[in-house]
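Chemist: Supplied in structure tokens, the structure appears directly below.
Here, each number is a calculation from the coordinates, and none is a lab measurement. In this text the structure is predicted, and so the values were computed from the model without any measurement. We place every Cβ from the backbone using ideal geometry, glycine too, and count neighbours over all the protein chains shown.
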């Protein structure tokens, strides 16, 4: 993979091209606002209205549809210096919504953005890990590969017995373990801090902790 340029040291977002997926949620909105305040060129993506100013672009995209995700990222284009994936399932999310948003969308976005990045870039997954455990033996290779249809099929087969949050967290953990070193060879950090359960009132503190952990301005 041939790249030129650098994303800097990760502590200076001024003028850096940053993509925030799920920018309309509580965590996503706080991340987006913090990055705009830090001087980043922020491209916000969500299926809901993004009510923030100072953005380089805002794109309405169905995060449960890989074709729409691909189209949105294609419009943003290269170079991407930092990616923040901040999925926020509905309050009473179904098995399919949890699995597709926390796992399938995370993998889809990561795989599509990484080739657009330069050395010393960062991919951060927030809210994707959740509770983890052993991957269910019934999980197909297609689901391990992040196929959205396979996620729906797993939920249909599992019914009420399927723990989508735990499965998504386990799949994300496995993906990070397998790909962090590969991406590091291209100078890209892949970070997925443990998910924190926060309400809208707690979002600023949770985001501040994450940005401090990354060495970002807050």
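Chemist: Quote to one decimal, in nm, the extra length available between residue 62 and residue 79 on full extension: 0.36 nm per residue of separation minus the C-alpha distance between them.
Modeler: Value of the extension gain: 3.9 nm.
Chemist: Give me 143, 55, 167 ranked fewest to most by other Cβ atoms within 10 Å of their Cβ, as a rough exposure proxy.
Modeler: Taking fewest neighbouring Cβ atoms as first place, the list is 55, 143, 167.
Chemist: So what are the radius of gyration and Dmax for the Cα set of the stretch 22-114, in Å?
Modeler: In order Rg, Dmax, the Cα atoms of the stretch 22-114 give 12.6, 38 Å.
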